[in-house]
Amino acid sequence: MSTAPALDKRPAAASAPGRRRVSLPVLLLIIAGVLALTSVVRLVTGADGITNVSQMSTALKLAVPIGMAGLGGLWAERSGVINIGLEGMLILGTWFGAWAGYQWGPWVGVLAGVLGGAIGGLLHAIVTVTFNVNHIVSGVAINILALGATRYVSAFAFEGVPQGTSKQSPPVESLGQFSVPGLSDGLQTLNDKGWFLISDIAGLLGGLVTDMSPLTLVALALVPASWWVLWRTSFGLRLRSCGENPTAAESLGVNVYKYKYLAVIISGGLAGLGGAFLSIVANPFYLEGQTGGRGYIGLAAMIFGNWMPGGLALGAGLFGYTDSLKLRGGTENVHALLLLLAILVLIGAIWLVLRKKYVGAVISVAVSALVFAWYATTTEVPTQVVTATPYVVTLLVLSLSAQRLRMPRANGKPYRRGQGK
């Protein structure tokens, strides 16, 4: 007999008492407000690059590996398994993707990258689910193992091959790019007008339809697909029940081990897809160290999104955008964004005053004043600041959003079959 109806009677995983979830209309209003402020900053500073089509297209390309790693983390943690090993699975995806891609074509490389990440996920599942090893320890071990193994085998797989070295693979054939006819050019024209808000929205939308890889479409489709599977199917209900209360799930006939294994293997496969994207689309070759900590940033995007696909996509987009700044007019654009940051922190201070949190408000005003002084007394920021921007934004976002988060209740907790009997 199916366990889905019984599981449906379990109380919904609500937010912690006293915390209200942000509704969709409010979220859209916040996004619109940030876009309007960004447009004002662009007009004041003259930094048109912060919202142009090229910037947004690059941001999307850089957001995909982060998003795939974060989506992998979402699948694992919804089943109750913390996956710190996303960085290692991303590395395995880059290596396997390039290794297979330069020999048999890019699409074979994509499949190999997914398989490589899934192997990392399988190892993590064996260690954490079967042997009940601490999830953090296992994840760190996966990261170290992936880095060491790919470094070792690269010397044999790529050295001596035309255009290959011990740290770099031969180039992989391109998957190709496409733009949506008419729409891409129209949005580019609107973006070039420099109009308030309209041109900025055109730049944002233009980045979604200009110079896209087919693999980008696949990655984007996986976000709503994951939501549908996890929240609209009996399979997803059973999987999520393993992350909330595995003992209760087992009592209703759910094979908790099976669902945890499946979730972590899928998690590794998604991270592997992100790695293959890095070594086939973002750069058409494997290069040692090319993941650059994106697995950890993907984990941060997942936490920022409160373990939900939509929020995760927003987080990945934000981190991808900050990562793209160092590739296109970084010092000028980041300098302009200092003004935006000062305004946003000041608005946060006003919000804290309304909530009668005066100490936090005073600190926010002081931070806003310091950032504005930095902007007013300089014309550009050092390149080191541009390079560090994605990681600084990661820390800021996590620190500001920490109080509204609720991870799955049994996430990271040890579980043995039959422990509820």
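The values are calculated or read from the model by the stated rules, or taken from the named source; none is laboratory data. Just so it is clear, the structure is predicted and the values come from calculations on it, not from any experiment. Note that we place each Cβ from the backbone using ideal geometry, even for glycine, and neighbour counts take in every protein chain shown. Each accessible area value is taken on the protein alone, full model and side chains, heavy atoms only, with ligands, DNA and RNA left out. Shrake-Rupley method; radii C 1.70, N 1.55, O 1.52, S 1.80 Å.
For a test of the definition: using alpha carbon positions, the gyration tensor, and the 1.5 limit on a/c, classify region 175-235 as rounded, prolate or oblate.
Values: a/c = 4.45, a/b = 1.92, b/c = 2.32.
Because a/c hits 1.5 or more and a/b fails to exceed b/c, region 175-235 counts as oblate.
Could you give the size of the charge dipole of region 318-406 about its Cα centre, using +1 on the Cβ of each K and R and -1 on the Cβ of each D and E, expressed in debye and rounded to the nearest 20?
Values: 7 positive and 3 negative charges, 109 e Å.
It comes to approximately 520 debye.
Dipole of the chain (Lys/Arg Cβ +1, Asp/Glu Cβ -1, origin at the Cα centre): which of I119, V392, C242 lies farthest to the positive side?
The one lying farthest along the dipole's positive direction is C242.
Rounded to the nearest 10 Å², what accessible area does Y296 show when all protein chains are kept and the probe is 1.4 Å?
110 Å²
Evaluate the distance, in nm, between pseudo-label points positioned 7 Å from the Cα of V229 and of V40 along their respective Cα→Cβ axes.
Label at V229, label at V40, 4.3 nm between them.
Return a whole-number percent for the relative contact order of the chain, with Cα pairs under 8 Å and 6 or more residues apart as the contact set.
29 percent
Can you list, largest first and rounded to whole Å, the semi-axes you get for the chain by taking the square root of 5 times each eigenvalue of its Cα gyration tensor?
Semi-axes from the Cα gyration tensor: 35, 30, 20 Å.
Output the relative contact order of region 36-152, whole-number percent, from Cα pairs under 8 angstrom with separation of 6+ residues. Present the calculation step by step, with values, prior to reporting the outcome.
Values: 106 pairs, mean separation 29.4, N = 117.
With pairs under 8 Å counted, the relative contact order is 25 percent.
Just how much of L28 is accessible, in Å², when a 1.4 Å probe is used and the result is rounded to the nearest 10?
100 Å²
As an exercise, find the ratio Rg/Rh for region 97-163 from alpha-carbon atoms, using the Kirkwood inverse-distance average for Rh.
Ratio value, two decimals: 1.08.
Scan region 327-396 for trypsin sites (Lys or Arg not before Pro) in coil per DSSP, keeping those whose Cβ has at most 11 other Cβ atoms within 10 Å, and list them by number.
In loop regions of region 327-396 (DSSP not H, G, I, E or B), the sparsely surrounded trypsin sites (Lys or Arg not before Pro) are R355, K356.
Extension gain T189-V137, at 0.36 nm per residue separation less the Cα-Cα distance, in nm?
In short, 13.6 nm is gained.
Treating the beta-carbon of each Lys and Arg as +1 and of each Asp and Glu as -1, no other charges, what is the dipole magnitude of the chain about its Cα centre, to the nearest 20 debye?
2020 debye
Which entries of K167/K260; K258/K413; K61/K260 show an alpha-carbon separation above 23 angstrom in the structure shown?
K167/K260; K61/K260
Can you give the accessible area of W104, probe radius 1.4 Å, in Å² rounded to 10?
We get 150 Å² for W104.
Sort K193, K260, K61 by accessible area with a 1.4 Å probe, largest first.
On the way: K193 115, K260 10, K61 65 Å².
My answer, sorted largest first, is K193, K61, K260.
Membrane-span-like helices in the chain: DSSP H runs reaching 20 Å or more (Cα, own axis), mean Kyte hydropathy at least 0.0?
Going by DSSP H runs, the hits are 24-45, 53-78, 86-104, 106-125, 135-157, 214-232, 256-277, 309-324, 330-354, 358-376, 383-401.
Which residue, N283, G160, A141, has the largest displacement toward the positive end of the dipole of the chain when charges sit on each Cβ (Lys, Arg +1; Asp, Glu -1)?
My answer, from the dipole projection, is A141.
Could you work out how much longer the chain between V359 and T247 gets when fully extended? Use 0.36 nm per residue separation minus the Cα distance between them, nm to one decimal.
Extending this stretch completely gives an extra 36.0 nm.
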